[in-house]
Amino acid sequence: MRVSEAVKFPKSAHEAALENFDLAANALDLSPDIRQMIKYPERILQVTLPVRLDDGHIHRFEGFRVQHSTARGPGKGGIRYHPNVTLDEVKALATWMTWKCAVVNIPFGGAKGGITCSPKDMSQGELERLTRRYAASILPLIGPSQDIPAPDVYTNSQTMAWIMDTYSMTKGYPVPGVVTGKPICLGGSLGRNEATGRGVYYTVLSALEHLRIPVKGAKVVVQGFGNAGSIAALLLHEAGATVVAVSDSRACIYNSKGFDLPKLMAYKEKTGQVLGFPEAQEIRPEELLALNCEVLVPAALENAIDSSNASTIKAKVVAEAANGPVTPDGDAELEAKGVFLIPDILCNAGGVTVSYFEWVQDEQHLFWDAEDVYKRLERVMSTAFAEVLKIHLDHKVSLRTAANMLGIGRVAEAIKIRGLYP
Ligand code: NAD
């Protein structure tokens, strides 16, 4: 069975981001002036990318880079390669980056980039030419003090190496700090590759502790067995949880006794899919989301849980490893059911936090060991979790609104103190 990668947008991702902004801005009682200054992107660049394909023809791709806010520091955010990339989606992702960097209190603003393409159907050579053309086209916006891209869906450390090289060619010297998520040999940070999954893991542990649910034996379901989802699954498995179901874009698989995670990861690495893993039963995507479990980790794309399926969710904790996997309508249903939702801008902030560590190490030319990175990451994530939980309990707002209040409140404070008024 094939799971469609097409994403339905009952409400656009950017509309959902704006709706969630309004909820938090109302709870913070933000003035209309401040709202005008922080709600919408500062800069949007749309680029045409002519690339010679292996068959000799030129194909025109469309790319985007959006800087939502640089109020608290340089723009920061990943680059996505996917057939469904639109300007609307990139605007939403850039907006979430602004609040996310503020939630974990790192000195970055929010940005995001994307190219509408089908990377799975492209050769390495085509991907390299596309990436270099894109890097050259967004050159005026990026730089270690301006805007620092990183990997996102279907981009990786190789993509970042090509961007770093293209940027450095224009300067005449290597500039590792222009991107994060680089290979270690080019100034990447130990622990960056697994940072998002590790951050998800820390927040799930905090949530389980708060709810007094033991992690040992807790049943976990992961939608999207990619970088973020698979690492979170592995760490939860190592902590004693039972990962009973996972999915990728091709299939969903289930084993009531739990998977051997290292074996499953090796299988996915070798075959490129989870389908066909021994001792697994194939199930439908809607069955996966509705499984009886303690923790559900949506780690694929936006709008996975909306009003059409939220009522089927049985998980006690939903940990948003992906950006925007639950729509505002889905939020309302989950809240009514008493689900503990760890919002994306908190749950998956481990990635940008270690990107920040990487940027700091590049700027200082001094590199940390992996234990150092993990310890610092755990401290950042547990502090942010405690701050969001406190706002949730004190103000009696949803966890999503609490996280947005923390992030948006910090950006508003920065804008007021900088005195950006006209
Ligand atoms: P990835 O490309 O490594 O993995 C994505 C996975 O989702 C793949 O296994 C793919 O097959 C699967 N997938 C795609 N469509 C699916 C569908 N309809 N049903 C089930 N599975 C599907 O990407 P990633 O880096 O792990 O990113 C996943 C999510 O996490 C995205 O929303 C991304 O924005 C978010 N995120 C990633 C990072 C990071 O550092 N990688 C940081 C923050 C947030």
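The values are calculated or read from the model by the stated rules, or taken from the named source; none is laboratory data. Because the structure is a prediction, the values reported are computed rather than measured. Using ideal geometry, Cβ is built from the backbone for each residue, glycine included, and neighbour counts are taken over all protein chains shown. To get the accessible areas, we keep the full protein, side chains included, count just its heavy atoms, and leave off ligands, DNA and RNA. Shrake-Rupley method; radii C 1.70, N 1.55, O 1.52, S 1.80 Å.
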Calculated from backbone phi, Karplus (6.51, -1.76, 1.60) coupling profile of the stretch 367-376 in Hz, x at Gly/Pro: 10, 9, 7, 4, 4, 4, 4, 4, 4, 5
Karplus 3J(HN,Hα) series, Hz, for the stretch 319-332 with 6.51 cos²θ - 1.76 cosθ + 1.60 (x for Gly, Pro): 10, 7, 6, 7, 8, x, x, 10, 6, x, 5, x, 3, 4
Of all DSSP beta bridges in the chain, antiparallel share, percent nearest 5: 50 percent
The chain - accessible surface per residue (Å², probe 1.4 Å): 41 Å²
Dipole axis of the chain (+1 Lys, Arg; -1 Asp, Glu on Cβ), positive-most option in Ala304, Ile213, Ile106: Ile106
Rounded to whole Hz, the Karplus (6.51, -1.76, 1.60) HN-Hα couplings of the stretch 178-185, x for glycine and proline: 6, 9, 10, x, 7, x, 4, 5
Whole-Å distance, taken between Cα centres, linking the stretch 20-45 and the stretch 324-367: 19 Å
Carbon and sulfur %, accessible surface of the stretch 250-329 computed with the full protein complex present, 1.4 Å: 49 percent
Amide proton proximity set for Ile283, modelled H, under 5 Å, gap of 5+: Cys252, Ile253, Tyr254
Alpha-carbon Rg with Dmax, taken over the stretch 18-96, Å: 16.6, 57
Alpha carbon convex hull of the stretch 55-209, volume per residue in cubic angstrom: 125 Å³
Counting all C-alpha pairs of the chain, share separated by more than 26 Å (%): 52 percent
Candidate aspartates and glutamates for bridging to Lys39, where Cα separation is under 19 Å - those fewer than 8 sequence places away on the same chain excluded: Glu15, Glu19, Asp22, Asp29, Asp88, Glu89, Asp147, Asp344, Glu413
Protection proxy ranking of 182-188, 42-48 - average other beta-carbon atoms within 10 Å, highest first: 182-188, 42-48
Alpha-carbon centroid distance for the pair the stretch 376-393 / the stretch 228-280, whole angstrom: 28 Å
5 angstrom amide H check on Lys76, placed H, neighbours 5+ away: Gly109, Gly110, Ala111, Ile148
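Mean projection of the alpha-carbon convex hull of the stretch 328-415 over all orientations, in nm²?
Values: hull surface 28.8 nm².
Projected over every direction and averaged, the Cα hull of the stretch 328-415 covers 7.2 nm².
I'd like the FRET efficiency for Cys185 and Ala370, computed as 1/(1 + (r/R0)^6) with the beta carbon distance as r and R0 of 22 Å, rounded to 0.05.
So, using R0 = 22 Å, E works out to roughly 0.90.
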For the chain, size of Cβ-based charge dipole, Lys and Arg +1, Asp and Glu -1, in debye: 340 debye
Semi-axes of the equivalent ellipsoid for the stretch 187-291, Cα gyration tensor, largest first, Å: 21, 19, 11
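Per 0.36 nm of contour for each residue apart, how much would the distance between Ser118 and Lys171 grow if the chain were fully extended, relative to their Cα-Cα spacing? Don't jump to the answer; show the numbers that get you there.
Details: separation 53, 0.36 × 53 = 19.08 nm, distance 3.08 nm.
Fully extending the segment from Ser118 to Lys171 adds 16.0 nm.
What does the highest-first list of 405-416, 205-216 look like by mean Cβ count within 10 Å? Write down the numbers at each step before the final one.
Details: 405-416: 20.8, 205-216: 15.0.
The most tightly packed comes first, giving 405-416, 205-216.
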Sites Asp260 and Gln146, calculated FRET efficiency, Cβ-Cβ separation with R0 35 Å, nearest 0.05: 0.20
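Plugging the Kirkwood radius over Cα pairs into Stokes-Einstein for the stretch 234-340, at a temperature of 37 °C and a viscosity of 0.692 mPa s, what D comes out in µm²/s? Walk me through the intermediate numbers first.
Values: Rh = 14.4 Å.
In µm²/s, the coefficient is 229.
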The stretch 81-127: radius of gyration over Cα atoms, expressed as a fraction of 2.2 N^0.38 Å: 1.45
For the stretch 1-141, the spread of Cα positions along each principal axis, largest first, Å: 57, 41, 23
Listed residues Asp329, Asp306 arranged by accessible area, highest first, probe 1.4 Å: Asp329, Asp306
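Over the stretch 103-189, what percent of the accessible surface lies on carbon and sulfur atoms, probe 1.4 Å? Walk me through the numbers on the way to the answer.
Numbers: 1740 of 3170 Å².
Accessible surface attributable to carbon and sulfur in the stretch 103-189 totals 55 percent.
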Residues with amide H under 5 Å from that of Val222, placed H, sequence gap 5 or more: Ala245, Val246, Ser247, Val297
Residue pairs, from the table Lys182/Lys375; Lys112/Lys216; Lys11/Lys182, whose Cα atoms sit over 28 Å apart: Lys112/Lys216; Lys11/Lys182
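Arranged from highest to lowest average of other beta-carbon atoms within 10 Å per residue, in what order do the peptides 85-91, 135-141 appear? Display every interim value, and only then the final one.
Working: 85-91: 21.7, 135-141: 17.1.
Ranked from most to least packed, the peptides come out as 85-91, 135-141.
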